[in-house]
Amino acid sequence: MKETKSRAVAGSKADAKLGVQKGKNAAKGVKLKRPPSAFFVFMEKFRAEYKASHPNNKSVATVGKAAGAKWKSMSEEEKAPFVEKAAKLKAEHEKVKARQEEEAADAASDKSKSEVEEEGENEDEGDD
């Protein structure tokens, strides 16, 4: 079986959670992962608890069904910490996304400037 290469190591926890790509993949324009919803933030905690209480369970579907049932039975007050954390992750995602778009725009404008400069140099050579 062929070994797969691990993804680029992210610089911060926020970047790691949001799936920010660095290195070769960033240059290729790999899309930024969406932030998790409140339910998926809840699932991170629930999976660990469920795995501890049901060590012999290997079914992903069983864990998902149990988590969905628990999430539906939770009150808004119980869901609040997960909703807050999801909102925080979304805000971080927006900052990273804006930074990446700005970097992409800067890179594109730098390329345009260099192309314009090259054209100007070529015109000067033709005047000799």
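Things to note:
- Any chance GLY120 is open to solvent by less than 60 Å² (accessible area, probe 1.4 Å) and at pLDDT below 85: yes
- Qualifying residue in region 20-30 (condition: modelled with pLDDT under 95, among the basic types (Lys, Arg), surrounded by 10 or more Cβ atoms within 10 Å (Cβ to Cβ) and part of a loop (DSSP other than H, G, I, E, B)): yes
- Selection status of LYS51, in contact with a Pro (Cβ under 7 Å, 6 or more places away or on another chain) and assigned to a helix (DSSP H, G or I): no
- Of residues in region 75-94 being among the small types (Gly, Ala, Ser) and assigned to a helix (DSSP H, G or I), the one farthest from the chain's Cα centre (by Cα): ALA80
- Filtered residues of region 32-50 (kept if of a type outside the set (A, V, I, L, M, F, W, C) and more than 19 Å from SER75 (Cβ to Cβ)): LYS33, ARG34, PRO35, PRO36, GLU44, ARG47, TYR50
- Residue check for LYS85: at pLDDT 95 or above, open to solvent by less than 40 Å² (accessible area, probe 1.4 Å) and among the basic types (Lys, Arg): no
The values are calculated or read from the model by the stated rules, or taken from the named source; none is laboratory data. Fair warning: this is a prediction, and the values are worked out from it, not measured in the lab. FYI the Cβ positions are ideal-geometry reconstructions off the backbone, even for glycines, and counts take in every protein chain you see. The protein model used for the area step is the full one, side chains on, heavy atoms only, and it has no ligands, DNA or RNA in it. Shrake-Rupley method; radii C 1.70, N 1.55, O 1.52, S 1.80 Å.
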